[in-house]
Each structure stands twice: as structure tokens, then as C-alpha cells.
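The values are calculated or read from the model by the stated rules, or taken from the named source; none is laboratory data. Keep in mind that this is a model prediction, so the values were computed, not measured. Quick reminder, even Gly has a Cβ in these numbers, built from the backbone with ideal geometry, and neighbours come from all protein chains shown. These accessible areas exclude ligands, DNA and RNA; they are computed on the full protein's heavy atoms, side chains included. Shrake-Rupley method; radii C 1.70, N 1.55, O 1.52, S 1.80 Å.
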Amino acid sequence: MFRVILIAFALVILIAIGRIAWMIVPASGALTPHEPRLADRCEVLEVAPGTEDVTIHPEAGIAFVSAADRRSENPETGGIWTFDMADPFQTLRYASVDGPEDFQPHGISLWRGEDGRQRLFVINHPLAGGHTVEVFEVDEDWRLFHAETITYPELSSPNDIVAVGPDQFYATNDSRYDSGLMMQLEAYFGLPLASVSYYDGEAGRIAAGGLVYANGINVSADGATLYVSEFLGRSVNVYERNTETGALIHRRSIPVRTGADNIEMDESGHLWIGAHARVFDFLSHSQDETAIAPSHVIRVDPATGQVVTVLYTDGEELSGSSVGAPYGYQFVVGAVFDSEVLICPRG
């Protein structure tokens, strides 16, 4: 009996080691070396610490940058900054003039109505605790005026957001546990415990689960397809979306072989994704600002599954890229901790 128990215990240990190796080796980037691409042709624009998400108005060319200092134990209030892609001086403006006092923005999404109304939805992690979605009305001068604060139990660990109506949105929960042993197990074993929540204008609910660190999220132009990236799962999940009920049906998963972060869309429906090619370099960078981590931006064709690297740098110009937002012949790259964005030509 003791021998059977010993064998069973050994098998469990081997399975655990195998699972960890299966997650860690690809995440290290050792299996997918990259050559530098395009970084020497990018311009650097200083914004504010933690330019984590960027989205660009597709007609006006106004870039919205979400910034919050994620390294500081007592950070100052974060905010949303804007600049005009056509402005040769790249003049920055502080847009969240009417933001909440306890404002630490994360993922953002710009909703545009057929009547011209515009709202910016922002994930917020208040220093006082908890998580909220802050909704802003966008005026004709691209200033943001706070409209409402939304929170619900299923908004448990929000990372990114996509608005699908004036009061409706999806948000990724990147993890289920935020501390303790279970947090470590979820991360190192790559447990599929992350999820996507949906807010229908009145209440929230979980719309999809079984994800390995859900991160970026976006929706097709017709609203019928939802895309969700998995940072540790190194893939993009494609969901069929019921535009009436908000229900999701998982259709397929596209492997991208990098730690996928925020998702933006171009005029052709391609996904532009900021990514972390070497996760452990990124973790070191998160703890030490002198440690650099690669910046990686990919373009994914959801119809064919083709993945193309459009930017790769070892991190000297910008470390830990989290978004690559396209506009015309350019794209803007933000980062989780750095205070700059890169403005790059499409190669």
C-alpha cells in the first residue's frame, strides 16, 4: 500500500513539474528568438508613468493614453492624456479634467454612437481598494467629463475593457486570486481561472471563463465577434457574440507565441497586440526600473490566423510594451511602467 501511495505521489510531482515547464519554457522566450524590427525608426513621446493603454479615434486621429504609476507605493493620481496624430509637435493635453480623485486608470475603450455621441470607458483600480469602470463623456475639444462609476461583483480583477454600447461593455478578469498560495499556483501552473465579464447596462455577469490570464479585449466592427488575448496562454480567443443578449460562444483559439496584452483594431479588421516576448524579463522590469524588457507588437489576421511581428526591440527605447494602436501609416506603442510612448511608421 505504501508503495502505491509513493508511486502516486511521484506521478503527481512529475505532472506538476511538467505543467510548470510547459508554461515557463515558452514564456521565457527561449523557443522564439526575435530580430530587432523597426525600433530605430520610431519617435519617443514623453507622457506620464505607465502608458499602459492607447486607443485612437479612427477618423479624427486623436490618441487617448491611459497612464498610472504602477511602481510607486503611493502614486499620484493617474489620468488620460490626448494628442493629435496629425500634430507635428505632438502637443499633449490632460483630458481627464473631471476625473475622480482616486483615479488609477488601466484599460480603456472609446465608444462612438451613430448620433455623434462619444464615451470613454476606463478600468480604474482605486488606491482605496476594489475596482470600478469610470465612464466619461467626450466633448468636441476631446476633454473628458465624468458621467458615472460602475462596479459589480463579477468585476473582480479587471484588466482591459471594450464598450459595445453607451452603457454596455465587456471586461477581462486577468486572474481569480490576487494573493496567497492560490495566486502563485494560478500563475505558475497556468490554471485556466481567468474570465470575461459583461455589463448589460443594469447588471454584470460572467460571459466566458476557462482562460489563462485573460488580458486584452476588443470587438469586430460589426459587433458580432469578440477577441480576448491570454497573456500566459499566449493566444487570442475568438468568440461569436450575440449582439442582443451579449452571450458568447467560443469558436477558436489563435496561437501567437508571445505574451499577448492589449488588443487594438485597424481599418482592415486586423488585431494589433502589444506583447511581452520574455515574461521573466518583464517581471524583473516590473520590480526594477533599471532592468529592461523587450517590447513586441504583433499584427494578427483573425481570418487566417497569420501572425506578423511589426515591432521588436530589446527594451532600450521602451520596455514592456502593452499596446500597439494603429492609425493610418503609423502606430503608437505604450508600456506598463515606462512614461513614454513610441510613434512608429508601419513597416
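Whole-Hz ³J(HN,Hα) for each residue in the range 333-347, computed from phi via Karplus 6.51 cos²θ - 1.76 cosθ + 1.60 with θ = phi - 60°, x for glycine and proline: what do you get?
Per residue, the Karplus-derived 3J(HN,Hα) values read 10, x, 9, 5, 10, 5, 9, 10, 10, 9, 10, 10, x, 5, x Hz.
With n ≥ 4 as the cut-off for DSSP H runs, can you work out [θ] at 222 nm for the chain, using -39500 (n - 2.57) per run divided by the number of residues, rounded to the nearest 500? Present the calculation step by step, with values, prior to reporting the outcome.
Details: 3 runs with 45 residues, N = 347.
Estimated from H runs of four or more residues: -4000 deg cm²/dmol.
In terms of the ratio Rg/(2.2 N^0.38 Å) built on C-alpha atoms, what value belongs to the range 45-140? Each step should come with its number before you reach the end.
Numbers: Rg = 13.4 Å, N = 96, 2.2 N^0.38 = 12.5 Å.
Rg over 2.2 N^0.38 Å, computed on Cα atoms: 1.07.
If packing is taken as the average count of other Cβ atoms within 10 Å, what order do 278-291, 257-270 fall into, highest mean first? Write out the running numbers ahead of the final one.
Details: 278-291: 16.1, 257-270: 21.1.
Sorting 278-291, 257-270 by mean packing, highest first, produces 257-270, 278-291.
Principal axes first, then extents: for the Cα atoms of the range 225-347, list largest minus smallest coordinate on each axis, whole Å, largest first.
47, 30, 24
Which percent of Cα pairs goes in each bin when the distances of the range 291-341 are cut into 5 angstrom slices starting at zero?
Pairs per bin, as whole percents: 5, 20, 28, 23, 15, 7, 3, 0.
Determine the per residue accessible area of the chain with all protein chains present and a 1.4 angstrom probe, expressed in square angstrom. Show your work: numbers first, answer last.
On the way: 15780 Å² over 347 residues.
Result: 45 Å² of accessible area for each residue.
So what's the gap between the Cα centers of the range 295-321 and the range 111-158, to the nearest angstrom?
Taking the Cα centre of the range 111-158 as reference, the centre of the range 295-321 is 28 Å away.
Excluding ligands and nucleic acids, what accessible area in Å² is computed for residue 42 using a 1.4 Å probe, to the nearest 10?
20 Å²
As an exercise, find the ratio Rg/Rh for the range 261-332 from alpha-carbon atoms, using the Kirkwood inverse-distance average for Rh. Please report the intermediate quantities before stating the final value.
Working: Rg = 12.8 Å, Rh = 12.5 Å.
Rounded to two decimals, Rg/Rh equals 1.02.
In terms of the ratio Rg/(2.2 N^0.38 Å) built on C-alpha atoms, what value belongs to the chain?
Values: Rg = 19.8 Å, N = 347, 2.2 N^0.38 = 20.3 Å.
Against the compact-globule rule of thumb, the ratio is 0.97.
How would 241, 143 line up by accessible area, probe 1.4 Å, largest first? Before the final figure, lay out each step's value.
Working: 241 25, 143 100 Å².
Greatest to least solvent exposure: 143, 241.
How would you rank 220-227, 231-238, highest first, on the average number of other Cβ atoms within 10 Å across their residues? Can you show the working numbers first?
Working: 220-227: 15.4, 231-238: 23.6.
Descending packing order for the listed peptides: 231-238, 220-227.
At a 1.4 Å probe radius, which order do 51, 151 fall into by accessible area, largest first? Before the final figure, lay out the partial values.
Values: 51 0, 151 90 Å².
Highest to lowest solvent-accessible surface, that is 151, 51.
From the P(r) of the range 194-281, can you give the percent of Cα pairs sitting at distances over 18 Å?
Details: 1617 of 3828 pairs.
Cα-Cα pairs of the range 194-281 separated by over 18 Å account for 42 percent.
Which of these, 54, 300, 196, has the largest mean-square fluctuation under a Gaussian network model of the chain (Cα springs below 10 Å)?
Its mean-square fluctuation being the largest, the pick is 300.
Taking the C-alpha atoms of the range 171-227, how large are the radius of gyration and the largest Cα-Cα span, Dmax, in Å?
13.1, 42
Counting only protein heavy atoms, what percent of the accessible surface of the chain is carbon or sulfur at a 1.4 Å probe?
Numbers: 8480 of 15780 Å².
Its accessible area is 54 percent carbon and sulfur atoms.
Can you give the accessible area of residue 245, probe radius 1.4 Å, in Å² rounded to 10?
That residue has around 70 Å² of solvent-accessible surface.
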